[in-house]
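Please read the structure below before turning to the comments.
The values are calculated or read from the model by the stated rules, or taken from the named source; none is laboratory data. On a predicted model such as this, the values are computed, not experimentally measured, just so you know. Every residue, glycine as well, gets a Cβ built from its backbone with ideal geometry; the counts of neighbours run over all protein chains shown. Side chains are part of the model used for accessible areas, which takes the heavy atoms of the whole protein and leaves out ligands, DNA and RNA. Shrake-Rupley method; radii C 1.70, N 1.55, O 1.52, S 1.80 Å.
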Amino acid sequence: MTATPIRIILVDDHQILREGLRALLESEPDLRVVAEAGNGKDAIRLAERHVPDIVVMDLGLPDMSGLEAIREIRKLGIGVRTLVLSMHTEREFVLQAIDAGCDGYIPKSTAHVSLLQAIRTVQAGESYLHPKVATVLMESLTNTATEADQFNQLSDRERDVLKLSAQGYISREIADRLLLSPKTVETYRQRGMEKLGLEHRSDLIRFALRAGILDEYKTNEE
């Protein structure tokens, strides 16, 4: 009995690149490109229409960022997995993509050798980071001890609020958990982030990963 091919949507604003990727993928009997999109809005619309297994997503789209498109596709609740294919390998881009909910990340420069493996890995329910990307993330963890010490200098409430914020909880949800008002939560968050020299939630997530805060939180929750 022949296995059902993995159904894929390609999202990139360069048609020539999409054509090359389609040729690469459709040379494999277990892969099938069901649609292509050159912008984020079309990607979301086509994902809802075709309900593919995987969307291969560029980050630099003309109408919205690939990150926003990934978030909107996840909101559809149709179980589509997303694989970022980007020219950017800096840790800021990788961490933002992970925060948006991508299931894998590979550099465009390695697509000809790693895209097939990445698609099959993600389809199997696992995450995929190209070794080059994984190395970048590992290097971002070298200051763990120093940043953990910084975090421990905060007050108990500031630490609690920032842990939950890094996990994605909004002020109202944090307030319910800690028996505080949302305004008080926002005060603790702002104060804690100022002490750590952080401005945005993406900065907090990067800090939390380097300091091991998320691992500590999950252990406590379990």
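Some points to look at:
- Test item: Cα-centred dipole of segment 1-54, Lys/Arg +1 and Asp/Glu -1 on Cβ, debye: 180
- Taking other residues whose beta carbon is less than 13 angstrom from the beta carbon of L17, and scoring Lys, Arg as +1 and Asp, Glu as -1, yields -2.
- Residue-by-residue Karplus 3J(HN,Hα) for segment 5-19, coefficients 6.51, -1.76, 1.60, Hz, glycine and proline x: x, 6, 8, 10, 10, 9, 10, 6, 7, 9, 4, 4, 5, 4, 5
- Net charge dipole, segment 82-203: roughly 180 debye, given to the nearest 20, about the Cα centre with Cβ charges of +1 for Lys and Arg and -1 for Asp and Glu.
- Per residue convex hull volume, Cα atoms of segment 1-142, in Å³: 102
- Whole-percent carbon and sulfur share, accessible surface of segment 66-222, 1.4 Å: 47
- Out-of-range pairs (alpha-carbon distance over 31 Å; input K132/K163; K108/K195; K75/K108; K75/K163): K108/K195
- Other residues whose C-beta falls under 14 angstrom from the C-beta of L204 contribute a net charge of -1, scoring Lys and Arg +1 and Asp and Glu -1.
- Heavy-atom accessible area for H50, with the other protein chains in place and a 1.4 Å probe, reaches approximately 50 Å².
- Sum of side-chain charges, S114 neighbourhood, beta-carbon under 12 Å (Lys, Arg +1; Asp, Glu -1): +3
- Taking T121, T146, T82 as the candidate residues, the one with maximal mean-square fluctuation in a Gaussian network model of the chain, Cα springs under 10 Å, is T146.
- Between R22 and S127, the modelled labels are 3.2 nm apart [label points 7 Å from Cα along Cα→Cβ].
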